[in-house]
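Visitor: Structure incoming, see below.
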Amino acid sequence: MAFDKAKETQGNFPVPAGVYAEQVTLVEHYTDRLFRFRITRPAAFRFRSGEFVMIGLPNAEKPVFRAYSVASPSWDEELEFYSIKVPDGPLTEHLQKIRVGDTVLLRRKPTGTLVNDALLPGKRLWMFSTGTGIAPFASLIRDPETYEKFEEVILTHTCRDVAELKYGQTLVAELKDDPLVGDAAKGLRHYCTVTREDYGFRGRITDLMASGKVFDDLGLPPICPDDDRGMICGSMAMLRDTKAALEGFGLKEGSNSQPATFVVERAFVD
Ligand code: A2P
């Protein structure tokens, strides 16, 4: 019976070439829209904190793969992912049902632009995220290099409601006791806002930048190209609008080959 159930969600298909088959070690559901999971890490799998990788399930001859930011730092023994559950989403419809011991497929080559190397040196690093867009920053705030490169690090996270902030809030609270980055991360500022229910800090980050409220709340000057660097991760609309806001402050988009003052990534699945 247990075997049949596993077959139902996991299938019984050969692992495609060039793909790692890893075991789920933890699953935690936050809301009916959000969950995280951890998997074993192949010894040969290297990535830079902030990069993403293609994830799939062994449930078809040609499995569906989607881009997922690795939410754990590059030094971690396991790989962590933070996911939305899309009703009828080709991957997440099945992925949301995984259990400890199940198999998750991982393509070999990580990539991405939300990496420290794609930014010119600066004083402050702003990480702008909405929803599951916090995932690459969950990796970067646990990487000592982030604090070596920047004097101040600000992580903004905007969600529809308070329950959706929990993943980031738990992470930041636990970071303070982390033996590797705990001391360096004491300077990390975590600015959470919600848009669809009552909370101390309300509103889209784009509006809060336009009004200047985020800068007043944090006691920081408005963003300027000399001191500030930005990374953006969220929905397409959020990327577009936050990018326009940073350009309005005089920042310029960079890439791995041409570092500049801000970088953009997508955290979309399905
Ligand atoms: P809102 O509730 O006003 O749509 P989602 O879960 O849909 O990705 O949304 C996550 C958060 O991102 C929500 O708080 C949402 O606000 C906000 N958001 C959506 N679109 C934008 C945008 N274009 N710019 C900034 N924030 C946005």
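The values are calculated or read from the model by the stated rules, or taken from the named source; none is laboratory data. Keep in mind that this is a model prediction, so the values were computed, not measured. Cβ placement follows ideal geometry from the backbone for every residue including glycine, while neighbour counts extend to all protein chains displayed. SASA here: full protein model, heavy atoms, side chains in, ligands and nucleic acids out. Shrake-Rupley method; radii C 1.70, N 1.55, O 1.52, S 1.80 Å.
Visitor: Given an 8 Å cut-off on Cα distances and at least 6 residues of separation, report the relative contact order of the chain as a percent.
Guide: Relative contact order here is 20 percent.
Visitor: A follow-up question, please. Once amide H atoms are placed 1.01 Å from N in the peptide plane, what residues at a sequence separation of 5 or more from Val153, or on another chain, have their amide H within under 5 Å of its amide H?
Guide: Excluding prolines and chain starts, which carry no amide H, the hits are Leu125, Arg189.
Visitor: Something else now. Can you compute the helix-only [θ] at 222 nm over the chain? Use -39500 (n - 2.57) per DSSP H run of at least 4 residues, normalise by all residues, nearest 500 deg cm²/dmol.
Guide: Calculated mean residue ellipticity at 222 nm is -6000 deg cm²/dmol.
Visitor: Further question on the same structure: Given a Förster radius of 45 Å and the C-beta distance between Arg204 and Val100 as r, what FRET efficiency does 1/(1 + (r/R0)^6) yield to the nearest 0.05?
Guide: Working from the Cβ atoms, E equals 0.80.
Visitor: Follow-up. Using amide H atoms built 1.01 Å from N in the peptide plane, name the residues 5+ places from Arg41, or on other chains, whose amide H lies under 5 Å from its own.
Guide: Answer set, sorted by chain and number: Leu79.
Visitor: Is there a quick way to get the dipole size of the range 64-127? I mean about its Cα centre, with the Cβ of Lys and Arg at +1 and of Asp and Glu at -1; what is the value in debye to the nearest 20?
Guide: Result for the range 64-127 is approximately 220 debye, rounded to the nearest 20.
Visitor: Can you work out ³J(HN,Hα) from phi for every residue in the range 129-140, in order, using Karplus 6.51 cos²θ - 1.76 cosθ + 1.60 and θ = phi - 60°, giving whole Hz and x for Gly and Pro?
Guide: After applying 6.51 cos²θ - 1.76 cosθ + 1.60, I find 9, 10, x, 6, x, 6, 3, x, 6, 4, 6, 5 Hz.
Visitor: In the range 116-172, what percent of the accessible surface is made up of carbon and sulfur (1.4 Å probe, ligands and nucleic acids excluded)?
Guide: Carbon-and-sulfur percentage of accessible area, whole number: 50.
Visitor: May I ask which residue of Val181, Gly230, Ala44 lies farthest towards the positive end of the charge dipole of the chain, with charges of +1 (Lys, Arg) and -1 (Asp, Glu) on Cβ and the Cα centre as origin?
Guide: Of the candidates, Ala44 comes out farthest on the positive side.
Visitor: Amide H neighbours of Arg108 under 5 Å, counting only residues 5+ apart in sequence or on other chains, H built in-plane at 1.01 Å?
Guide: Long-range HN contacts for Arg108: Tyr20.
Visitor: Report the charge-dipole magnitude of the range 4-107 in Debye, nearest 20, computed about the Cα centre from +1 at each Lys and Arg Cβ and -1 at each Asp and Glu Cβ.
Guide: Dipole about the Cα centre, nearest 20: 160 debye.
Visitor: In Å², and per residue, what accessible area does the chain have when probed at 1.4 Å with the other protein chains present?
Guide: 46 Å²
Visitor: Another question about this same structure. Between Phe13 and Leu120, what FRET efficiency follows from the Cβ-Cβ distance if R0 is 45 Å, with the result rounded to 0.05?
Guide: 0.50
Visitor: In addition: Mind checking the dipole of the chain: about its Cα centre, +1 per Lys or Arg Cβ, -1 per Asp or Glu Cβ, Debye to the nearest 20?
Guide: 560 debye
Visitor: Given Gly133, Leu91, Gly122, which one lies farthest toward the positive end of the charge dipole of the chain, if we put +1 on the Cβ of every Lys and Arg and -1 on the Cβ of every Asp and Glu?
Guide: Selected residue: Leu91.
Visitor: Apply the a/c threshold of 1.5 to the C-alpha gyration tensor of the range 4-107 and tell me whether it is rounded, prolate or oblate.
Guide: Note, shape of the range 4-107 comes out oblate.
Visitor: Pairs on different chains or at least eight residues apart, Cα atoms closer than 24 Å: how many lysine pairs in the range 116-264 fit?
Guide: 18
Visitor: Picking from Val172, Val15, Val24, which is most flexible by a Gaussian network model of the chain using Cα springs under 10 Å?
Guide: Val15
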